[in-house]
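Below is a structure I'd like to ask you about.
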Amino acid sequence: MTPKQAAFVRFADHCATCRTCCAMDGEGANLNLPCAERDRLHEEYRQASRAAARGGDR
Ligand SMILES: [Zn+2]
């Protein structure tokens, strides 16, 4: 697994298990509540993507 894929898995995994990220309204629509941890993991993924684009993982 590349660092980019690993970062994405951490991000997706967080979104699937975090109560804040999973919060829904009465109709089952995601409320999109702000979550600092999600922001952090997303930033990590962005940086891993940039590194991968530079060929940094090879
Ligand atoms: Zn979250």
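The numbers here are math on the coordinates, done by the rules we state, and not lab data. Remember, predicted model here, so these are calculated numbers, not experimental data. Note that each Cβ is placed from the backbone with ideal geometry, even for glycine, and that neighbours are counted across all protein chains shown.
Suppose the chain between Arg46 and Asn30 were pulled fully straight at 0.36 nm per residue; how much longer would it get relative to their current alpha carbon spacing?
Values: separation 16, 0.36 × 16 = 5.76 nm, distance 2.27 nm.
Value of the extension gain: 3.5 nm.
If you don't mind, there's one more thing I want to ask. Could you give me the ³J(HN,Hα) list for the range 8-15, computed from phi with Karplus coefficients 6.51, -1.76, 1.60 and θ = phi - 60°, whole Hz, x at Gly and Pro?
Along the range 8-15, the couplings run 5, 4, 4, 5, 5, 4, 4, 4 Hz.
Please determine, in degrees from 0 to 90 and to the nearest 10, the orientation of helix 36-53 with respect to the longest principal axis defined by the Cα atoms of the chain, where the helix direction is its Cα long axis.
Relative to the chain, helix 36-53 is tipped by roughly 30 degrees.
Which peptide among 18-29, 40-51 comes first, and what is the full order, when sorted by highest mean count of other Cβ atoms within 10 Å? All intermediate terms of the calculation are to be shown ahead of the outcome.
On the way: 18-29: 10.3, 40-51: 15.7.
Going by the mean number of other Cβ atoms within 10 Å, highest first, we get 40-51, 18-29.
Using helices alone, what [θ] at 222 nm do you get for the chain, with -39,500 (n - 2.57) per DSSP H run of 4 or more residues, divided over all residues and rounded to the nearest 500? List each step's numbers first, then the result.
Working: 3 runs with 37 residues, N = 58.
Here the helix-only value at 222 nm equals -20000 deg cm²/dmol.
Based on the Cβ-Cβ distance from Ala12 to Ala53, what FRET efficiency comes out when R0 is 35 Å, to the nearest 0.05? Each step should come with its number before you reach the end.
Details: r = 20 Å, r/R0 = 0.57.
So, using R0 = 35 Å, E works out to roughly 0.95.
In Å, the Kirkwood hydrodynamic radius of the chain over pairs of distinct alpha carbons? If you can, show how the numbers build up before the last one.
Values: mean 1/r = 0.0812 Å⁻¹.
After inverting the mean inverse Cα-Cα distance, the result is 12.3 Å.
About the Cα centre, and with charges only on the beta carbon of Lys, Arg (+1) and Asp, Glu (-1), how big is the dipole of the chain? Nearest 20 debye, please. Spell out each step's value before the answer.
Values: 9 positive and 8 negative charges, 82 e Å.
So the magnitude is around 400 debye.
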